[in-house]
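**Q** Input: one structure, supplied below.
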Amino acid sequence: MASLPVRRLGDAGVITDVNPYDLPANAYSDANNVIFDDGKVLRAPAFKKLFDQISVTPVGWSSQSGTYANSAYTWSGALAASQVTTPRNVASYRHPSNGSVVIVTNEDGNVYDYAGGTLSVLTPSAVNTGSSYNTPWTHTEISGLSILNRNNSTPYIRDTVSGTIYSLMTVGDWPSTTYAVSMRSFKDFLIALNVTESGTQNHSKIKWTDPIQYRASLSTGVVWTSSSSTSAGDNVLGQAKSPIQDGMAVGNVFVIYTQTEAFLMEFTGSSLVFSFRELFTDDGVIGLNCIATAGQNQYVFGNKDIYVTNGATKQSIADGKVRQQIYKELDTSKTDRCFVHNDTALDLIYFCYVSRDSNAGYAGSTYANRAAVYNTKNQTWSFMDLPNIVGAAVTNLTTSDIGYDDYDATYSASSSSYNNFASKTAETTVMVGAKDTSLDLSVSRIYAVELLNASAFAIDQEPETIKPAFVERMGLDVDETQAPLRSMKNLKSMTPQIYMADNTSNVTIKVGFTDLPAEEAVTYQTIYTYTPLTDHKVDSRASGRLLAYRVEETNGNFFNMSGADFDVTLTGKR
């Protein structure tokens with residue numbers, strides 16, 4: 001009889017691109033709706049409804065009232081369904097007193113923000129919101145200004161302190177017939193990428209402004225016109241072999257990504273203002289908003305790989321781990337729905353996409369239904385179901401409008417500490433999901449996305465977003481006990497180390513086997529409902545050359561698992 005102790009089950013994560021029998025004992029061959037952190041497997045962050053775009057009834061927020069900015073209609077309290085189209089992105093801007101404020105842009109060109117618990121419609125008064133375009137938006141901030149852009153309309157610009165609504169950028173010298181695929185900030189400059197002028201698109205053209213002063217006048221302080229008295233200018237990347245997709249600053253450089261390559265844009269301080277040179281040519285970026293900066297690195301969702309660059313070197317972080325899995329299931333007809341988000345509170349990077357996998361929690365969705373989640377602390381991968389998500393941002397939201405006495409859910413259901421009912425400002429990730437009744441998503445919502453055991457919001461997770469969580473390990477050959485590959489292994493028991501926030505909750509543990517390395521389906525002989533408060537082990541008679549186990553939680557309860565002992569007996573060799 002041999003004992004196989006496995007500890008720190010969160011150190012290796014899920015590795016789908018390597019044969020299960022070649023994995024270390026603490027790695028998983030499949031997993032969903034979990035993350036790996038501090039040596040443990042944890043249930044993934046939950047989706048908590050802050051408010052939705054129709055009933056707009058925030059939990060713990062003040063009531064809303066106001067007048068629609070372009071006077072097309074007025075509203076009070078809640079927006080009617082006819083006043084709301086599909087959201088197409090979410091971002092946040094920094095306000096001196098309100099912190100990071102959520103803004104949502106819709107297909108029809110409308111813009112909403114949610115500052116201090118008050119909903120405001122910030123659409124420029126000149127915008128015709130009668131037409132909808134299913135194209136993504138970009139957002140950037142520079143010198144106290146917020147800029148929203150998409151490739152078929154005039155950019156929006158706003159002083160976030162004094163501007164009551166956004167203005168069209170044509171309030172300055174931006175031409176009314178000029179559009180850009182993306183707008184980003186770099187140092188004191190605003191940069192337009194992949195520019196269309198008077199109906200002619202130049203996929204390789206870049207424009208930039210004169211340096212912008214803090215809260216500059218929208219009409220005179222944002223200057224795009226090149227002259228002897230300004231540093232504004234433009235350039236065409238003649239070397240580019242494919243259209244510019246997006247760009248972002250990292251450190252002291254700005255990286256411009258095409259579909260297939262990357263270029264460096266560097267400030268020179270000379271009359272030329274910027275220099276341009278090739279960085280690498282073996283991959284680019286898959287679409288807009290598919291770059292996230294964390295520290296001195298950029299994490300990029302490429303067309304062939306997911307990689308990290310610091311503006312000097314490039315290294316894959318997915319190859320040999322989950323790259324094949326992601327690109328096998330990625331719906332390549334919907335790459336404009338991909339995006340990347342840095343969850344600064346949890347040190348996670350979400351690479352979000354539309355999966356064609358029939359087992360996805362929201363199979364057949366229009367927008368992102370899956371995230372490949374990368375932990376920047378321990379370099380592990382995991383996967384999450386996404387409820388038709390269009391974008392994500394990090395924001396600071398006040399929770400002072402709800403008190404413990406007014407909270408109607410149970411303490412255990414909220415999975416929050418008593419301290420979380422206090423008045424404070426929390427940094428958290430927010431995501432916006434689009435309505436799709438075929439997926440049982442009844443309304444478009446803005447969600448707070450956070451771990452249930454470390455919540456900033458004393459709010460239950462939205463029931464429509466709860467999906468099963470599991471980890472599975474196939475191909476346990478028990479090499480660590482010196483057992484020969486041809487021997488039959490009988491798994492007599494499994495003793496897991498599992499914690500659940502609610503002591504009455506349970507997980508399902510399945511124990512089984514495969515006889516041949518080529519087998520893809522496990523024969524599970526033992527299926528046990530395991531309650532951590534009362535159980536300590538799972539007895540089994542599973543017997544085969546390669547062992548397997550699976551731990552599932554289906555009700556949305558928080559759990560973590562850090563280790564397990566496997567009691568194994570060798571029963572024969574053939």
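The values are calculated or read from the model by the stated rules, or taken from the named source; none is laboratory data. Note that the coordinates shown come from a computational prediction; the quantities given were computed from them, not determined experimentally. All Cβ positions, glycine included, derive from the backbone under ideal geometry; neighbour counts span all protein chains shown.
**Q** Within segment 490-504, track down each residue that is out of contact with any helix residue (DSSP H, G or I) (no Cβ under 9 Å at 6 or more places or on another chain) and not aromatic (Phe, Trp, Tyr).
**A** Selection gives ASN490, LEU491, LYS492, SER493, MET494, THR495, PRO496, GLN497, ILE498, MET500.
**Q** For VAL322, all conditions in the list (1) surrounded by fewer than 23 Cβ atoms within 10 Å (Cβ to Cβ); (2) over 23 Å from MET431 (Cα atoms) hold save one; what is the number of the exception?
**A** In the conditions (1) surrounded by fewer than 23 Cβ atoms within 10 Å (Cβ to Cβ); (2) over 23 Å from MET431 (Cα atoms), VAL322 misses (1) alone.
**Q** Need a quick list: strands (runs of 3 or more DSSP E) entirely within segment 422-530 having at least 1 residues that are more than 24 Å from ALA345 (Cα to Cα).
**A** The strands (runs of 3 or more DSSP E) meeting that bar are 469-476, 487-500, 507-514, 523-530.
**Q** Looking at the structure I just gave you, is ALA409 surrounded by fewer than 19 Cβ atoms within 10 Å (Cβ to Cβ), modelled with pLDDT of 90 or more and assigned to a loop (DSSP other than H, G, I, E, B)?
**A** No; evaluated as a whole, the condition is false for this residue.
**Q** Further question: State all residues of segment 121-171 that are out of contact with any Asp or Glu (no Cβ under 8 Å at 6 or more places or on another chain) and among the aliphatic types (A, V, I, L, M); if no residue qualifies, say none.
**A** Result: VAL121, ALA126, VAL127, LEU148, ILE157, VAL161, ILE165, LEU168, MET169, VAL171.
**Q** Look at GLY556 and say whether it is buried (at least 16 other Cβ atoms within 10 Å of the Cβ), at positive phi and not aromatic (Phe, Trp, Tyr).
**A** It is true that GLY556 is buried (at least 16 other Cβ atoms within 10 Å of the Cβ), at positive phi and not aromatic (Phe, Trp, Tyr).
**Q** Within the group PHE276, PHE263, PHE254, which residue is modelled with pLDDT of 95 or more, surrounded by fewer than 20 Cβ atoms within 10 Å (Cβ to Cβ), farther than 25 Å from GLY433 by Cβ and of a type in the set (Phe, Trp, Tyr)?
**A** Going through PHE276, PHE263, PHE254 in turn, just one is modelled with pLDDT of 95 or more, surrounded by fewer than 20 Cβ atoms within 10 Å (Cβ to Cβ), farther than 25 Å from GLY433 by Cβ and of a type in the set (Phe, Trp, Tyr): PHE276.
**Q** If you don't mind, there's one more thing I want to ask. Give just the number: which of (1) among the hydrophobic types (A, V, I, L, M, F, W, C); (2) surrounded by fewer than 23 Cβ atoms within 10 Å (Cβ to Cβ); (3) within 19 Å of VAL102 (Cα to Cα) does ILE157 not satisfy?
**A** All conditions are met except number (2).
**Q** Next question, about the same structure. Check segment 146-168 and report whether any residue there is closer than 23 Å to GLY247 by Cα, of a type in the set (A, V, I, L, M, F, W, C) and in contact with a helix residue (DSSP H, G or I) (Cβ under 7 Å, 6 or more places away or on another chain).
**A** yes
**Q** Still on this structure, I have one more. Restricting segment 220-243 to residues that are over 25 Å from GLY172 (Cα atoms) and among the aliphatic types (A, V, I, L, M), which is surrounded by the most Cβ atoms within 10 Å (Cβ to Cβ)?
**A** ALA240
**Q** Sticking with this structure for a sec: Run down THR164, THR135, THR160 and say which single residue is polar (S, T, N, Q) and in contact with a Ser or Thr (Cβ under 7 Å, 6 or more places away or on another chain).
**A** Just one listed residue meets the conditions, THR160.
**Q** Within the bounds of segment 335-356, is there any residue that is of a type in the set (Lys, Arg) and in contact with a helix residue (DSSP H, G or I) (Cβ under 6 Å, 6 or more places away or on another chain)?
**A** Yes, that holds for at least one residue.
**Q** State yes or no: is VAL195 surrounded by fewer than 23 Cβ atoms within 10 Å (Cβ to Cβ), in contact with a strand residue (DSSP E or B) (Cβ under 9 Å, 6 or more places away or on another chain) and of a type in the set (A, V, I, L, M)?
**A** Answer is yes for this residue.
**Q** For segment 276-334, how many residues meet the condition of being assigned to a strand (DSSP E or B) and over 20 Å from the mean Cα position of the chain (by Cα)?
**A** 7
**Q** Looking at THR529, THR504, THR523, THR508, can you tell me which residue is within 17 Å of ALA31 (Cβ to Cβ) and surrounded by fewer than 16 Cβ atoms within 10 Å (Cβ to Cβ)?
**A** THR508
**Q** Then there's this: Take the conditions assigned to a loop (DSSP other than H, G, I, E, B) and within 25 Å of THR335 (Cβ to Cβ) and apply them to ASN151. Does it pass?
**A** yes
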